[in-house]
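Read the figures in this text as sums done on the coordinates, not as results from a lab. Predicted, not measured: the structure shown is a model, and the values here were computed from it. Note that each Cβ is placed from the backbone with ideal geometry, even for glycine, and that neighbours are counted across all protein chains shown.
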Number of protein chains: 6
Amino acid sequence: MTQNYLRADGRAIDQLREVTITRGWSEHAEGSVLIEFGRTKVLCTASFESDVPRWLRGAGRGWVTAEYAMLPRATNTRSSRESVKGKIGGRTHEISRLIGRSLRAVVDLESMGENMITLDCDVLQADGGTRTAAITGAFVAMADAVEWARAEGHIRKNAEVLRDSVSAVSVGVLPDGTAVLDLPYPEDSTAGTDMNVVVTGSGDFVEVQGTAEGAPFSRDQLNELLDLAVTGCAQLDNLQREALSR
Amino acid sequence: MTQNYLRADGRAIDQLREVTITRGWSEHAEGSVLIEFGRTKVLCTASFESDVPRWLRGAGRGWVTAEYAMLPRATNTRSSRESVKGKIGGRTHEISRLIGRSLRAVVDLESMGENMITLDCDVLQADGGTRTAAITGAFVAMADAVEWARAEGHIRKNAEVLRDSVSAVSVGVLPDGTAVLDLPYPEDSTAGTDMNVVVTGSGDFVEVQGTAEGAPFSRDQLNELLDLAVTGCAQLDNLQREALSR
Amino acid sequence: MTQNYLRADGRAIDQLREVTITRGWSEHAEGSVLIEFGRTKVLCTASFESDVPRWLRGAGRGWVTAEYAMLPRATNTRSSRESVKGKIGGRTHEISRLIGRSLRAVVDLESMGENMITLDCDVLQADGGTRTAAITGAFVAMADAVEWARAEGHIRKNAEVLRDSVSAVSVGVLPDGTAVLDLPYPEDSTAGTDMNVVVTGSGDFVEVQGTAEGAPFSRDQLNELLDLAVTGCAQLDNLQREALSR
Amino acid sequence: MTQNYLRADGRAIDQLREVTITRGWSEHAEGSVLIEFGRTKVLCTASFESDVPRWLRGAGRGWVTAEYAMLPRATNTRSSRESVKGKIGGRTHEISRLIGRSLRAVVDLESMGENMITLDCDVLQADGGTRTAAITGAFVAMADAVEWARAEGHIRKNAEVLRDSVSAVSVGVLPDGTAVLDLPYPEDSTAGTDMNVVVTGSGDFVEVQGTAEGAPFSRDQLNELLDLAVTGCAQLDNLQREALSR
Amino acid sequence: MTQNYLRADGRAIDQLREVTITRGWSEHAEGSVLIEFGRTKVLCTASFESDVPRWLRGAGRGWVTAEYAMLPRATNTRSSRESVKGKIGGRTHEISRLIGRSLRAVVDLESMGENMITLDCDVLQADGGTRTAAITGAFVAMADAVEWARAEGHIRKNAEVLRDSVSAVSVGVLPDGTAVLDLPYPEDSTAGTDMNVVVTGSGDFVEVQGTAEGAPFSRDQLNELLDLAVTGCAQLDNLQREALSR
Amino acid sequence: MTQNYLRADGRAIDQLREVTITRGWSEHAEGSVLIEFGRTKVLCTASFESDVPRWLRGAGRGWVTAEYAMLPRATNTRSSRESVKGKIGGRTHEISRLIGRSLRAVVDLESMGENMITLDCDVLQADGGTRTAAITGAFVAMADAVEWARAEGHIRKNAEVLRDSVSAVSVGVLPDGTAVLDLPYPEDSTAGTDMNVVVTGSGDFVEVQGTAEGAPFSRDQLNELLDLAVTGCAQLDNLQREALSR
């Protein structure tokens, strides 16, 4: 397999879709980012609160949590609202937990003090990779909320709350065996193996979640996928940095 | 009270906020509109389905329904997700029903055939008037979905599905007794009387919902508010027409 | 249209059904009223509590709230219990909120002290106008609860808790264009426009909720309906006064 | 212990409270009864439907089921609505099932055809013995619904649907060891043993549910309680018969 | 009917199935018992907590409660999980309440101090009599938890927490009129009358719950069933005693 | 790091706990296995049904799904029942989905015909690794259910339904940096990185789920963990084979 391989949307196998990070998209939240991975659009807002969940009170540490959701018509066919069904599906729960864990991995909860940041990641339009876009955008929104809290005096001036940055990307194996980076829905829905990888700015792993949808995958394929993911996240890390420096 | 009266945001008492109607904001839905009434932003998507709810099957008529929701951080402080709480609040229910009724009032359900249009109105950012923006935007999204369905052959070519247009606006009485049009949140939260009025393109009423939050209101005040609302909806009707002609 | 117009039940267009207000129908509650608007029967109980909801504690004010419900066989065909379905429908929520707002409009919450009155309005038999009967009866039950609380020393002797009285009535436009007062179910289900109006004893409006079920309504029709409603509520105000003086 | 023993309300130990059975209290249902055991008031409506639950379709038999509920202020202190809490409590479930079983015990489901009767037993005011009043009243409402269905041709003219009558009563042991019949709330809440007994018109048992709230009870006490219950139900059977003959 | 009557599984009419009581089956709980009544297997764990439910705080007394549940495939056909359905069925509620009441009947809550014991009775395999096995096993698990708490100093050394022992058994009338003890599922599902009886070690009754599934039962049949139950519980009492002495 | 490293329970770093697989533990299910990984005990039952979920009807393929749950006192402190809370937590959902996916990866759904197998994995006692034990045990239960269905004629005699076997194991990095296999709760709760790996009998990956609980992990650590997991699963594969050959 070579770099000349052409994907349906014309990208190289190790090429990200166009990624746009718009800070301050929404005015009320302490941090807010509209992140786009191609046609996937996720609104990430960070809400800062000078309190922690009950089970953490008095421990002198902060907390970071996330909730992921999709608008009913973010996808090609309308799906029922989870609020109307009266319960949250397994996929929603799983992704919310993943986002929360990924962000906490780069936060020094002690230096946050007894404060909480809630990341709401609402998918306005879906075209594959919504959870990885959410993690990547939520990190930027969280960074803005931390700076807001520092400016307002809720967090100590010189506390190093963010120990590192974090971003995520999907990788997968197409039916013809080609491993590719950042899958849009048409690729994602036919991929034999699907993997979401969360990587820090310094290149270590926070989460590796690989699933064989069809045939199981070999150690070699796994390595190939991890290589692609590390490359992709390095680019995302740059984009985050640029966005935060604007 | 004269037209010289100045509101906190500098508008005249009978002046709408800046209204923007962006068609096709989201790519999957048969109709989609991002409508803005000042800082209030509502994404309205219209989903067309060649089926009707079970209770209507075989009746030879169509159906139009709506679901309204707010993102958790659309407002100044974060509110819990209704999907997480496991139930929909009274306010959400009430507004969803209002939007559905308002749209059905201008649709000839018989000429739709056994098809259904679902309007999802998701408030991305709230600053007062979210339900009236939702009705106004949803009408445009519905009109696009009807044309899509006509082009696809789901609705007869010459069926006059939309008998009229419909828009909505809020009016209210400020603490000093001044009646004003299209209230942003700071005015809305202090208004003594709050009224939402839904008006057709031809100037008749679909809904009149007036509530005394503080002191009850007189017949004279009611008339003054209705005058303002009729004026405001006439302007919204023009904006809808322009948007649909682009 | 003249006063000679005859309705299906023989009433004049501006005539209420026979209204009966029975105080003390139930023995446990601090106030309890069985109110009948013709065949519509609603049991309204007022429960007094020396506490307020959590969000109001320490504010030095009281609270009045309401819950509306229908017995499963209050109507012509049995409907499922909302407790069995595990959630409350939109209509129930909407009416509960309307009753609460209507009553609070005539209560001086400050002079109540940190006390709460809950009005339970349970429809034992329905024949149209259940929400207007509920508001009218609930006011009387609330008045009894206030007197009970005064006698027991929970409310100051000379506190003027009730600033005014409040009652409600439905008005609507029949298919032949006639505007009528206090619609029983057969009229209500065919009416083109349906309006519920809540009026204080001194004749001002607390709520005006008009809905075009079929064709939108004109300003003239709206005025005609409001005239009828004001007339009807004046009669209901008299009946409340009589009941309270017995 | 002699018949001279005087209870708090002046009754003899084997004396029922005043029992009133009002047929046709509510106009919509196929059978409806307001039954009063002293201050306990239960509205029992029987809804007839020409259908059976899905699991019974095609079996050629009918079904009888019941739902029991209490208005929030039926008791001395207000309890939360189960519809608002979103789930039905264990006690409610238990009593609904008891009423359904008790009625089915005297019904020949085969001769009903594929029809269903639902008994709604709503406690409007509670003073002990609500489940026994419900069973006793529901039988009468069911009998009326059966006659209605026969007259309407849903049930065969000469089908003997009701094989027997059924009624229920509570018995209990007071703190001083006295066994008494038909306990009002003050006795019920202090009784050491509490028993509800459901008896057919011919004197056999359908249900015997005895519970030691405090000290366990002996075989002798059990026998004494059963004697009282059989006596009480025989009187209720007479009252049902009288009511049905009016 | 004589002792020579042979049941499908070869037992005499007054003979229990083989009963096995295994203490300490599970390692985490303060008391844990796997109890088997023939093929019926119930795991009963007793969890001790140094706290009481909120409504009991400050009263100086303890509490004992129980939760009963069945694994989805404990029975012959799989049933849906109540956690997945999102609500607990009436039968589950009813049995949980029965177990809790039965155990509290032999506990001196005062001498427990402000401590709580929760009995979880999970049916791993069902073949009739699950609730009676649960009560019988839960008593042993509770006794172990009480001793644990005494050893740990949560309960006073010489406090007589358990005033008596308690066990339970089912009895019923087979279609041929024979009254039998301890019914497995095949007998239980065809029995005309079904009764669960809870008896203390000293032979008094805690609960008597008899239900006519088919024909109502006479006073004589009731007496015969009670005789069998008392005999059965005396044997269970011995088995509990043996288990606790090991 | 050498093989001489000693863990708290005396095992080598690449040593499994004692694994026991008991087939036929429960009598009703078409396949049932009690699997033990040290003190972790999971009961896996496989229920066969000649039907598929609605969305799959007519597609000519079968389905395999799983539900995971924990008894309230499977753990060291009692947790609330999800049936009582009325909703399933995120962790439960996530694990149920993981088990289902893992099993489907080795099943040829086409050759199953329109049949469904549901795996219920109930944790009776938890000491780390419950999800990996569940997958490993569920495969054996599923294999038994497939053979049952073949014998009963529900599945074609020579259909190769199971394309491979599948097992799972946890690996992790202890605080001192040592990578270890099959973590019991005390190790699991302090591990910096936690990974669950699902491997087929032929040594390919079905799922790789690695999470940094504390510090992110490097590519080298990831490789070391994967080596351990592949070794562990090879041993589990042998144990499954032995169990199935008995």
Calculated label separations, B:D176, copies of the chain, 7 Å along the beta-carbon direction, nm: 5.2, 7.2, 7.7, 7.7, 9.7
Highest to lowest packing among F:49-56, A:8-15, scored as the average C-beta count within 10 Å: A:8-15, F:49-56
Dipole-positive endmost among D:A159, D:L225, D:G89 within the range D:19-245 (Cβ charges, Cα centre): D:G89
Shortest-first distances to equivalent copies, position B:D51, nm, label 7 Å out along Cβ: 1.9, 1.9, 4.3, 4.6, 4.7
Sorted by Cβ neighbour density within 10 Å, fewest at the top, the residues A:H93, C:H154: C:H154, A:H93
Cut-off 9 Å between beta-carbons: net charge of the residues surrounding B:H93, Lys and Arg +1, Asp and Glu -1: +1
Simple label model, 7 Å out from Cα along Cβ direction - D:T231 to D:S189, nm: 2.7 nm
Residue of chain C whose Cβ sits closest to the axis mapping C onto E, with distance in whole Å: C:G86, 4
Shielding by partners - mean other protein chain Cβ count within 10 Å, residues of B:218-228: 3
The protein assembly as shown: C-alpha gyration tensor shape, a/c 1.5 cut-off, then a/b vs b/c: oblate
Among the listed pairs C:K41/F:K85; A:K157/B:K85; D:K41/E:K87; B:K41/E:K87; A:K85/B:K157; C:K85/D:K41, those beyond 28 Å (Cα-Cα): C:K41/F:K85; A:K157/B:K85; D:K41/E:K87; B:K41/E:K87; A:K85/B:K157
Between helix D:90-104 and chain D: long-axis angle, C-alpha atoms, 0 to 90°, nearest 10: 60 degrees
Helix A:219-245 axis, angle to chain A major axis (alpha carbon atoms, nearest 10°): 40 degrees
Packing-based exposure ordering (other Cβ within 10 Å, fewest first) of E:D144, B:D164: B:D164, E:D144
Per-copy distances of the F:G153 label point, shortest first, in nm (7 angstrom along Cα→Cβ): 4.7, 4.7, 7.1, 8.4, 8.5
Helix axis angle, E:130-151 relative to chain E longest principal axis, alpha carbon, degrees: 20 degrees
Taking E:Y5, C:Y185 and counting other C-beta atoms within 10 Å, the order from fewest to most: E:Y5, C:Y185
